[in-house]
Amino acid sequence: MPARCNPRPPTRVGAEEQPPTHPVPTGDPEDAPPPAAHSDPAGSAPVPAADDAALAGGSTGPDHLRPLLDVSLRALADGAAHRNGPIPAGDPSELADGVRAATGDLLPDTGTGATAALEQLTRILASGSADPGDPSCAAHLHCPPLAVAVAAETAAAALNPSLDSWDQAPAATTMETQLLGVLAGLVGYHPASASGVLTSGGTESNLMGMLLARDAALRNAPGAVEPARDGITAAPRLRVLCSQEAHFSVQRNAAFLGLGESAVIPVPVDQHHRMDPAALEQALTRCRGIPAAVIATAGTTDAGAIDPLARIAKVARRHRAWLHVDAAYGGGALFSQRLASLLDGLAASDSVALDLHKLGWQPVASGVFLTRQAQSLDPLARRVAYLNPADDEEAGYPSLLGNSMRTTRRADVFKIAVTMRALGRDGMGRLTDTCHDLARHAARRITADPALQLAADPVLTTVVFRYTDTRDPDRVNAALRRRLLRAGSAVVGRTELDGAVWLKLTLLNPQARQNDVDALLAAVVAAGAEEDQ
Ligand SMILES: *Cc1c(COP(=O)(O)O)cnc(C)c1O
């Protein structure tokens, strides 16, 4: 079950703009519920103030952590109760002033003590958050994290393993390797020869795929440049091909990698926003320079479109280009019996990006990078005397240092491992299917409403639509979204199709119900009518 850090009854989405009752996320004790911070939630002994300094400086023994976790949970609920919807009502500058005023000095000469600071700032954070557990918070690939994952994250934070050396993370090193094996199997790689690493997200996973593609292309090119050693100034011109609808990180990563954004060749899409394999073939044939990588997308951020992976894989192989699949969003379909076949062909890729902080219900960050051949990661390998000396490795101490671009690295594996073991593939798949059902329901309601227009049937869990009962749809759709934000009543996405403004629901909350979606759409229509006046 997804965590609702907010135990309020379901929010009513009303389009009327109410004056915000609490424009300022409050840390003000005057405004706050009874000062719960200094009493035990079970109603037993209050925490004596004298202990507070010890708590502030204390480490993660249960004596220190338990009372603070109690404070934190209570303040999360208190803070959320100050919001009337998924996001605080008000204008951004007013809200920012409120946060600054309520937090006060973030490095006072003398500290306030652990309980007071934690309670005050948690309340401000909760009242001032966009709550993905609220069914009206549906703009982005921003999921409500599962309670079990949040609890696991807390355990990992308490132990603070770091995966850059075995002696900082013995069990977590094993678990990460195990989890990557399971995920490699899920995408269709051979777990024994595949490898990978947990990342900060799709952006970093795409960067890794492009880095490995770049280095593989240059090593095989005439002159055999070794980019890690020599740089790429003397290298032949490399090209990266992806669909017009690929994630913007492809361009930015090309800049980071010294290829330049102009190295990216956008390939046309069909009417369903999927890369056209014939157009890819043509672009590869015409391409000047070496086609280092083809990047297919499994789940575009707006339409959820899934490129035809099997056909693209054949074309890429014919042109000896590395195939990276950006499945940051669509990878979640692999858990679902109903949707998994949409990703047929994924196994033929050289690398893949998955994001379990989207369809995976994990706290950020939960990115995954996988590569079919472990040796592809060689360009990242380094020998560091204090982390992975050769004699340690010979003595059987494994090192994941060379799998990552990072050094110190969180055990993001832990929450994912706990969640997947808790839910199993069936449970994960059911959550995906529930979100997919909500998207199909939303599409039916939009089609039935004369004031709304549906852009296309949903593939995954996003629904692109707009309000049409107006002569000026671009202005009204843009303005109605801000009206809902200002009222704090709904967080709806916005995008553009062929230069026109459209709205988007990204439905990642498996606890939301069909009537929540109905209420959200009704709020959009009401806000549209008000903006049109
Ligand atoms: C979210 C997303 C990304 C970026 O992932 P981050 O985790 O935000 O870095 C890349 N590609 C696609 C298709 C995405 O949906």
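Per-peptide packing, taken as the mean over residues of other Cβ atoms within 10 Å, places 255-268, 237-250 in the sequence 237-250, 255-268 from highest down.
Provide the three semi-axes, in whole Å and in decreasing order, of the ellipsoid equivalent to region 66-146 as defined by the square roots of 5 times the Cα gyration tensor eigenvalues. Please report the intermediate quantities before stating the final value.
Numbers: eigenvalues 114, 61, 19 Å².
Working from the Cα gyration tensor, I get semi-axes of 24, 17, 10 Å.
Once both labels are positioned 7 Å from their Cα atoms along Cα-to-Cβ, the gap between R288 and L107 label points is 5.3 nm. Along its first, second and third principal axes, ordered by size, the chain spans 72, 68, 43 Å in Cα coordinates.
Annotation: peptides 206-216, 143-153, ranked by per-residue average of other Cβ atoms within 10 Å with the highest first, follow the order 206-216, 143-153. Assuming charge only on the beta carbon of Lys and Arg (+1) and of Asp and Glu (-1), the dipole of the chain about its Cα centre is about 1860 debye to the nearest 20. When restricted to Cα atoms, region 471-526 yields an Rg and a Dmax of 11.9, 36 Å, respectively. The distance from the alpha carbon centre of region 162-211 to that of region 108-144 is 30 Å, rounded to a whole number. Within a straight-line Cα-Cα reach of under 22 Å, K415 can be paired with the following lysines, leaving aside sequence neighbours fewer than 8 residues apart in one chain: K358. Per residue, the chain reaches -12500 deg cm²/dmol at 222 nm when only DSSP H runs of four or more residues are counted, each adding -39500 (n - 2.57).
Ordering 299-306, 60-67 by mean Cβ neighbour count within 10 Å, with the highest value first, yields 299-306, 60-67. Cα centroids of region 309-368 and region 400-445: 13 Å apart.
Between A455, P473, L508, the Cα set farthest toward the positive side of the dipole of region 421-532 (charges on each charged residue's Cβ, about the Cα centre) is that of L508. Projected onto planes of every orientation and averaged, the convex hull of the alpha-carbon atoms in region 242-329 covers 5.1 nm².
For the chain, the share of DSSP beta bridges that are antiparallel, to the nearest 5, is 55%.
What the pair-distance distribution of region 421-532 shows, using all Cα-Cα distances binned every 5 Å from zero, is 2, 13, 22, 23, 18, 10, 6, 4, 2, 1, 0 percent.
Just so you know, all these numbers are worked out from the coordinates, no wet-lab data involved. All figures in this text were calculated on a predicted structure; none of them were measured in a lab. Heads up, the Cβs are rebuilt from the backbone with ideal geometry, glycines too, and the neighbour counts pull from every protein chain shown.
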